[in-house]
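> Below you will find the structure I want to go over with you.
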Amino acid sequence: SFNSKLTLNTTITPINTITPLRPTEPASTCSFHSASPENATEVNLLKESIAWPETPSVPPGFSLNDTSDPTHSTFTILPRRGGGSWHVGDQLEVLIKVSDFGGRPRKSGGDLLYARLQNRAVFAGVAGKVFDHRNGSYTAVFSLLWEGDAQVEVTLVHPGEAVTVLERLTQEQPDRIYFRSIFRSGSIKESTTCNVCLKAPKQKLCNYTDLHTGEPWFCYKPEKLNCDTRITHSKGGFRQRVKPMEQQLFKSGVNMKVSIPASGPSSINILPELKGETCGKNENMKTGPAGYYYHGVWRTLDGTTVRQFNNATAISQCLKGKVLHLYGDSTIRQWFEYLTSTTPDLKMFDLKSPKQTGPFMALDYKNNILVTFRCHGPPIRFSNLLVSQMRYIASELKGLVGGTNTVVVIGIWSHFSTFPVEVYIRRLLSIRRAVRQLLTRAPGTLVIIRTANPKMLTLSETLTNSDWFSIQRDKILRAIFKGVNVKLLDAWEMCLAHHLPHSLHPQPPIIKNMIDVVLSHTCPPGESFKGAIKQSKKKLKSRLGPHKKATMQSKSISSAMSTTTEMPTNSSDDGVIH
């Protein structure tokens, strides 16, 4: 689904410990690029794994005409290997040739491209993988997973020059998003700037480095008040320092998320799978997509049976007796809002929390269900978050009992996009350590990690939250949790493969599919079917006389089974990390 240079083929050595910064260390240790010595090797390997192909330079007098133009670029469907018709199980290859605004073929790589295969008639879709040949040409590879028509779509997200600018921004302006805190004591109130790192003498800073996780955070000292009087955290603003000509590299409808046309046919017809031809198919599935849509339903390719929880009864039966903890950003808060809006018995308990920041709690007393949401610690771009309510995910996990009835969901990525990747790596290593500790003391706990997702892009959105930043963090997250006993929910491909427009907050049909995946992990078929059948029988006993019980038994089982629908999926030996 994105550049092959991002494919991780380096073995990452797990590091089990993180050395927190000590409160006695001077402020000179503040750095956007800091990592403890114990983690240095892993950090370097992770950074190498996301190295992007070399991109063109952007000199002061560069011409936009020399940059990648989607309307002059083309893609071509290549013939099936071995010839003949396409069949389910085959791989489709598409050659992409990028040209500039003058129609001249580009000689360098580094463009960010998306590719997907669609059939709108049956609401089918799958993301393709794009390989950069570093000479202006690319290959997109698709797994063919359904019968019938399949339309190829290729999109230029950013030209290589735009990637050059984004990379420079992070190097030169890691603090371009800044934060504010209010300090108050009695009638005195002051506000100062805060960030992961502030370059100033120690005596001019308040050091809020977390003693448990080692996560650094600093604010400038207020003039009249002391550091203990800090009461709020909020996003301060954004410093945009991009040259006017460079802004032309980020124009919607011109060179940012614009479709590339086909040079010939843009679709193929897929015939049923050929019996007996399995050579290479299993290997293709290992390196292929995480899943695909068919009839609007997400089907995973990692062996998970995704079931459809289409009503409140099905959701309640799955979550009965369980605790679901949601940690992360607003894309995780969406899930809390979905569950409380679609399950009437799951009622919000008023904690007097702000609607954006939380924390939130919902209870279903009848079914003994508890669902909570808490946003992750700074950097987070929410407004007016009380410092007393700020928690790091690793610290929250440390306080969980866990167990077979506990589900933990973690989604943390978007708010780290403007910082050097070391800031994000440090945070995930802290969370991974806490997850491992939780799974050691309570191995029955289910932990689900949500990946990043593509989004709609404007100029300001791109400079802070470009998909190029998100891709890097997505790959880092997958690498760090590879080998850990967690479930990965591939939000990236679930959004990329869907026909709906990209959005930071995916639209309801996508969210519904995501929740179905979460609940399918929470309630494997045997476990929840058994519970649904038992509950249905219990209700019938109270309503029917003994003479009717036997004749209605089959109906009760059928009714219980209908609360969810199993969707068959293909399986592979590998997970969704690829």
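> If you check residue 431 against the conditions, is it within 19 Å of residue 155 (Cα to Cα) and part of a helix (DSSP H, G or I)?
no
> Just one of the numbered conditions (1) open to solvent by less than 20 Å² (accessible area, probe 1.4 Å); (2) touching a strand residue (DSSP E or B) at 6+ places or on another chain (Cβ under 8 Å) is not true of residue 242; which one?
Among (1) open to solvent by less than 20 Å² (accessible area, probe 1.4 Å); (2) touching a strand residue (DSSP E or B) at 6+ places or on another chain (Cβ under 8 Å), residue 242 violates only (2).
> Do we find that residue 80 is basic (Lys, Arg), touching an Asp or Glu at 6+ places or on another chain (Cβ under 7 Å) and farther than 30 Å from residue 149 by Cα in this structure?
No; evaluated as a whole, the condition is false for this residue.
> Can we say residue 371 is in contact with a Leu (Cβ under 6 Å, 6 or more places away or on another chain), crowded, with 19+ Cβ neighbours inside 10 Å and either without any contact (Cβ under 8 Å) to a residue 24 or more places away in the chain or part of a strand (DSSP E or B) (or both)?
Yes; evaluated as a whole, the condition is true for this residue.
> How many residues are over 12 Å from residue 481 (Cα atoms) and either among the charged types (D, E, K, R) or not in a strand (DSSP E or B) (or both) when one looks only at segment 435-457?
Going through segment 435-457 one residue at a time, the tally reaches 15.
Per-residue answers, yes or no, for (1) modelled with pLDDT under 95; (2) in the same structural domain as residue 188 (by the TED database); (3) assigned to a helix (DSSP H, G or I); (4) at positive phi:
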{"position": "233", "(1), (2), (3), (4)": "no, yes, no, no"}
{"position": "246", "(1), (2), (3), (4)": "no, no, yes, no"}
{"position": "259", "(1), (2), (3), (4)": "no, no, no, no"}
{"position": "265", "(1), (2), (3), (4)": "no, no, no, no"}
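> Consider residue 101 against the criteria (1) open to solvent by less than 70 Å² (accessible area, probe 1.4 Å); (2) in contact (Cβ under 8 Å) with a residue 40 or more places away in the chain; (3) not aliphatic (A, V, I, L, M): it satisfies all of them except one. Which criterion is unmet?
Of the numbered conditions (1) open to solvent by less than 70 Å² (accessible area, probe 1.4 Å); (2) in contact (Cβ under 8 Å) with a residue 40 or more places away in the chain; (3) not aliphatic (A, V, I, L, M), the odd one out for residue 101 is (2).
> Return a yes/no flag: does segment 178-201 have any residue that is within 30 Å of residue 100 (Cβ to Cβ) and surrounded by fewer than 17 Cβ atoms within 10 Å (Cβ to Cβ).
Start the filter on segment 178-201 by keeping residues that are within 30 Å of residue 100 (Cβ to Cβ), which leaves none.
Within segment 178-201 (the criterion being within 30 Å of residue 100 (Cβ to Cβ) and surrounded by fewer than 17 Cβ atoms within 10 Å (Cβ to Cβ)), the answer is no, since none of the residues qualifies.
> Any idea how many residues of segment 104-147 are part of a strand (DSSP E or B) and either among the polar types (S, T, N, Q) or not assigned by the TED database to the domain that holds residue 262 (or both)?
From segment 104-147, those part of a strand (DSSP E or B) are 105, 112-119, 124-127, 129-132, 137-143; that's our starting set.
Cutting the leftovers down to either among the polar types (S, T, N, Q) or not assigned by the TED database to the domain that holds residue 262 (or both) gives us 118-119, 137, 139, 143.
Final tally of qualifying residues: 5.
> Select from segment 39-74 the residues that are among the charged types (D, E, K, R), exposed (fewer than 15 other Cβ atoms within 10 Å of the Cβ) and outside any helix (DSSP H, G or I) and list them in ascending order.
54
> Something else: Of a type in the set (Val, Ile, Thr) and either under 28 Å from the mean Cα position of the chain (by Cα) or outside any strand (DSSP E or B) (or both): is that true of residue 213 in this structure?
Yes, satisfied.
> For segment 343-357, give me each residue that is open to solvent by less than 50 Å² (accessible area, probe 1.4 Å) and in contact with a helix residue (DSSP H, G or I) (Cβ under 7 Å, 6 or more places away or on another chain).
Step one: filter segment 343-357 for residues open to solvent by less than 50 Å² (accessible area, probe 1.4 Å), giving 343, 346, 353, 357.
Across segment 343-357, the qualifying residues are 343, 346.
> If you take the residues in segment 488-528 that are among the charged types (D, E, K, R) and under 20 Å from residue 333 (Cβ atoms), which one is surrounded by the fewest Cβ atoms within 10 Å (Cβ to Cβ)?
In this case the residue turns out to be 512.
> Where the second residue is of a type outside the set (Phe, Trp, Tyr) and part of a loop (DSSP other than H, G, I, E, B) and the first is farther than 12 Å from residue 98 by Cα and lies in segment 258-269, which pairs have Cβ atoms under 8 Å and are six or more apart or on separate chains?
Final answer for the pair search is 269/85.
The values are calculated or read from the model by the stated rules, or taken from the named source; none is laboratory data. The structure presented is a predicted model; accordingly, all values stated were derived computationally and were not measured. Neighbour counts are summed over all protein chains in view; Cβ atoms, including those assigned to glycine, are modelled from backbone coordinates with ideal geometry. To get the accessible areas, we keep the full protein, side chains included, count just its heavy atoms, and leave off ligands, DNA and RNA. Shrake-Rupley method; radii C 1.70, N 1.55, O 1.52, S 1.80 Å.
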